[in-house]
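See structure below.
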Amino acid sequence: MSTRYDAIIIGGGHNGLVTAAYLGKAGKKVLVLERRGVLGGCAVTEEIWPGYKVSTAAYVNSLFRPEIIRDLELKKHGFQMLPRSPSSFTPFPDGRYLMMGPDKEMTRRAVAKFSTKDAENLPKYEDMLMRVADFLEPQLTQIPPDPFSGIGNLFQLGKIGLNFRKLGRQTATEAVEVLTGAATPILDRWFESDELKATLATDAVIGAFAPPSHPGTAYVLFHHVMGECDGARGVWGYVKGGIGMIAASTARAAESFGVEIRPNSEVAKINTKNGSVTGVTLKDGTEFTAPVVASSVDCNLTFLKFMDEKDLPGEFVAAVKKIDYSSATVKINVALSEPPQFNCLPGTAIGPQHHGTMHICPSMEYIERAYDDAKYGKPATNPMLECTMATAVDPSLAPVGKHILSMFIQYAPYHLKDSTWDVERDRFADRCFDILNEYAPNFKASVIDRQILAPPDLERIYGITGGNIMQGAMSLSSMFSFRPVAGFANYQTPIRGLYMCGAAAHPGGGVMGAAGWNASRVILKDRVR
C-alpha cells in the first residue's frame with residue numbers, strides 16, 4: 001500500500017470530498033481520511049434503526065453549488081433533489097395555521113388570512129432579499145481578499161466595492177442592514193402579523209446561539225431565497241435517499257478520478273518540518289506523506305489538537321483560540337408509525353403540511369423566551385421546534401407505512417448551569433414531544449424509537465467543537481476576509497502546504513460545498529506556482 005500522495009484530505013464530509021474530487025480530476029494522487037465508518041460529516045445518512053435511512057444531522061438542501069453538481073457530474077453518480085411544496089407549515093394554538101411555499105398565489109392567500117397588508121408586502125420583502133442575494137451569492141465562491149496585504153487584494157476589494165455601488169443607495173443600505181443588523185427590526189418594518197414574523201424569524205436563527213433581536217441574525221434571512229433545487233431558485237428540497245447522498249455521489253465522482261478514500265482512519269497529528277507540512281499520522285500510528293494537507297475539520301481540531309502550538313505563530317494561535325463555538329442546538333430523530341395529525345388539519349393521511357418544515361414557534365416572544373432560558377444556562381422550557389418528515393416526499397427512507405421525523409430544536413446550551421446533559425437529555429426530549437403533542441395529539445403514541453443528539457453528542461459524534469454546526473460563529477466579525485481568522489481567509493495557513501477546506505473557512509456553515517471547491521482552486525494554483 002502506498003503511503004505517499006500529492007494531497008491528503010482530513011475529513012470525509014461533503015467539503016473534504018469536493019476538494020478531493022477536484023484535485024483528483026486535475027490528476028493529483030489524493031487520499032481522504034475519515035474518522036468515522038460513514039462518509040458525509042454532518043451531511044450524513046445512517047441506518048440507525050433497521051430499514052430507516054436517517055439524515056441524522058443536516059436534513060434539507062438548497063445551497064449545494066450547482067457548479068459542483070455539473071463539474072463532477074454528480075447526477076450520474078446518484079445525486080437527485082426532491083423539491084418541497086409547500087415548504088413551510090406553522091400551526092398555532094388557536095387552531096389557525098400558516099402554510100407557505102413556491103406557489104405564490106397559495107402563499108398570498110395563506111398570509112392574507114392573518115394580514116392583507118402582509119400578503120401584499122411579502123413578495124416585495126422577498127424581492128429585497130433577492131436583490132441582496134444577487135450581490136452576496138457570487139461572493140460565496142470567491143477567494144476572500146486580505147485587506148491588509150498586497151495590491152492584488154486591494155484591487156479585488158475595489159471590484160467588490162464597485163459592485164456594491166451599483167446596487168444603488170436603497171439596495172446598498174438594505175444589504176448593509178441584512179449583513180450587520182438584527183432580524184426583528186427588519187421583520188417589524190415589513191410585516192404586522194406576529195405569526196408571519198415568527199415563521200420567517202426561524203430562518204434568521206437556525207443553528208445560532210442568538211435570538212432574532214440580536215445583531216447579526218439578519219444575515220441568514222437571505223439564505224432562504226438563495227440556492228436552488230433542480231434549477232428552481234430559492235426552493236429547498238430533500239436529497240433522494242437522504243442527505244448523505246451528497247457525500248456518496250461526490251465520493252463516487254472522486255473515486256472515478258482515482259481518489260482513495262479510507263473510512264475508520266482517525267488523524268492524530270499533522271506532521272510538519274521547517275514550516276512546511278509533510279503529512280499526517282493516524283491514531284493507530286500509520287503515517288502518510290504529502291506536500292499538501294487540506295483539513296475540512298474545524299480550527300480547534302486542526303491547529304490545537306493535531307498540531308503543536310509552538311509550530312505556529314503566537315498571534316495566529318491566539319486568534320484561533322478566540323473563535324466562538326457556542327451552540328444551543330439539539331437534534332432529535334424519530335421513527336414514527338404514522339404522520340403527525342395536527343388539530344388544525346385533521347386527517348390520517350400524508351398532507352401538504354407534512355411536505356416542508358413544520359414550525360412550532362407561535363410568536364416572536366416565544367422565540368425570545370426560549371433563548372432567554374438558554375442564555376442563563378438551561379434548556380428552553382418552551383423550545384422552538386423545526387420538524388421535517390422527508391418520508392412524505394421520499395417514502396424509500398423508511399419501511400412501508402412508517403416515517404422519519406427530524407426535529408431541529410433551539411435553544412439548549414452546551415454548558416448547563418445547574419445540571420448535566422446525562423440528566424437533561426431525555427427530560428428535554430420529553431418536553432419537546434409534549435409540545436408537539438399539543439398540536440398533533442397522536443404524535444407521542446406514534447413514536448417507535450428516537451435518537452437524541454444534544455450539543456455534546458454532536459461534538460462527540462461529528463467532531464464539531466462545542467456542537468457548533470457551522471464550525472464557528474457566523475457573525476460579521478467571523479466572515480469573509482476574517483474567516484477563520486484575519487490574514488488567513490484564502491484557505492492557506494501559516495504552515496506551507498496546509499490548507500483549510502471546510503466550514504471553518506469562507507463561506508462558513510451550510511451544505512454548500514463552496515469552501516471545498518474554493519480551497520481546491522487555491523491548492524491547484526499554488527501547486528502550479
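The values are calculated or read from the model by the stated rules, or taken from the named source; none is laboratory data. Model, not experiment: these values are computed from the prediction. Glycine also receives a Cβ, built like all others from the backbone with ideal geometry; neighbour counts cover every protein chain displayed. All accessible areas refer to the heavy atoms of the entire protein, side chains included, with ligands and DNA or RNA removed. Shrake-Rupley method; radii C 1.70, N 1.55, O 1.52, S 1.80 Å.
Observations on the structure shown:
- Filter pass, residue 338 being closer than 24 Å to residue 460 by Cβ and either of a type in the set (Phe, Trp, Tyr) or surrounded by fewer than 18 Cβ atoms within 10 Å (Cβ to Cβ) (or both): no
- Verdict on residue 194 being of a type in the set (D, E, K, R), within 30 Å of residue 72 (Cβ to Cβ) and modelled with pLDDT of 85 or more: no
- With a requirement of 3 or more residues that are open to solvent by 20 Å² or more (accessible area, probe 1.4 Å), the helices (runs of 4 or more DSSP H) lying completely within the range 400-463 that satisfy it span 421-439, 455-462.
- Conditions (1) in a loop (DSSP other than H, G, I, E, B); (2) over 21 Å from the mean Cα position of the chain (by Cα): number failed by residue 63: (2)
- Within the range 464-482, tally of residues that are open to solvent by 50 Å² or more (accessible area, probe 1.4 Å) and of a type in the set (A, V, I, L, M): 2
- In the range 1-38, residue farthest from residue 516 (Cα to Cα) [restricted to those that are surrounded by fewer than 24 Cβ atoms within 10 Å (Cβ to Cβ) and among the small types (Gly, Ala, Ser)]: 2
- Set 300, 264, 271: member being open to solvent by 20 Å² or more (accessible area, probe 1.4 Å) and closer than 30 Å to residue 179 by Cα: 300
- Residues of the range 501-529 that are over 12 Å from residue 143 (Cβ atoms) and either open to solvent by less than 10 Å² (accessible area, probe 1.4 Å) or outside any helix (DSSP H, G or I) (or both): 501, 502, 503, 504, 508, 509, 510, 511, 512, 513, 516, 529.
- Of all the residues in the range 79-111, those that are of a type outside the set (D, E, K, R), open to solvent by less than 30 Å² (accessible area, probe 1.4 Å) and outside any strand (DSSP E or B) number 7.
- The requirement of being open to solvent by less than 10 Å² (accessible area, probe 1.4 Å), out of contact with any Ser or Thr (no Cβ under 8 Å at 6 or more places or on another chain) and hydrophobic (A, V, I, L, M, F, W, C) is not satisfied by residue 183.
- Within the range 376-399, the residues that satisfy the criterion of being touching a residue at least 12 places away in the same chain (Cβ under 8 Å) and assigned to a helix (DSSP H, G or I) are 390, 391, 392, 396, 397.
- Test: residue in the range 44-53 that is open to solvent by 10 Å² or more (accessible area, probe 1.4 Å), in a loop (DSSP other than H, G, I, E, B) and not basic (Lys, Arg): yes
Per-residue answers, yes or no, for (1) farther than 23 Å from residue 212 by Cβ; (2) assigned to a helix (DSSP H, G or I); (3) open to solvent by 30 Å² or more (accessible area, probe 1.4 Å):
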residue: 158; (1), (2), (3): yes, yes, yes
residue: 164; (1), (2), (3): yes, yes, yes
residue: 173; (1), (2), (3): no, yes, yes
residue: 179; (1), (2), (3): no, yes, yes
residue: 189; (1), (2), (3): no, yes, yes
residue: 196; (1), (2), (3): no, yes, no
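- Only a single criterion out of (1) in a loop (DSSP other than H, G, I, E, B); (2) modelled with pLDDT of 85 or more; (3) among the aromatic types (Phe, Trp, Tyr) is not satisfied by residue 125, namely (1).
- Set 222, 209: member being of a type outside the set (Asp, Glu), in a loop (DSSP other than H, G, I, E, B) and in contact (Cβ under 8 Å) with a residue 24 or more places away in the chain: 209
- Scanning the range 44-52 turns up no residue that is closer than 21 Å to residue 470 by Cβ, touching a residue at least 12 places away in the same chain (Cβ under 8 Å) and out of contact with any helix residue (DSSP H, G or I) (no Cβ under 9 Å at 6 or more places or on another chain).
- Every listed requirement among (1) out of contact with any helix residue (DSSP H, G or I) (no Cβ under 6 Å at 6 or more places or on another chain); (2) closer than 25 Å to residue 472 by Cα is met by residue 300 save one, (1).
- For the range 271-278, the criterion of a residue being within 30 Å of residue 57 (Cα to Cα), at pLDDT 95 or above and not basic (Lys, Arg) is satisfied by no position.
- Restricting attention to the range 215-261, the residues being surrounded by fewer than 17 Cβ atoms within 10 Å (Cβ to Cβ) and among the hydrophobic types (A, V, I, L, M, F, W, C) number 1.
- Here residue 75 meets each of (1) within 30 Å of residue 435 (Cβ to Cβ); (2) open to solvent by 20 Å² or more (accessible area, probe 1.4 Å); (3) not in a loop (DSSP other than H, G, I, E, B) with one exception, condition (1).
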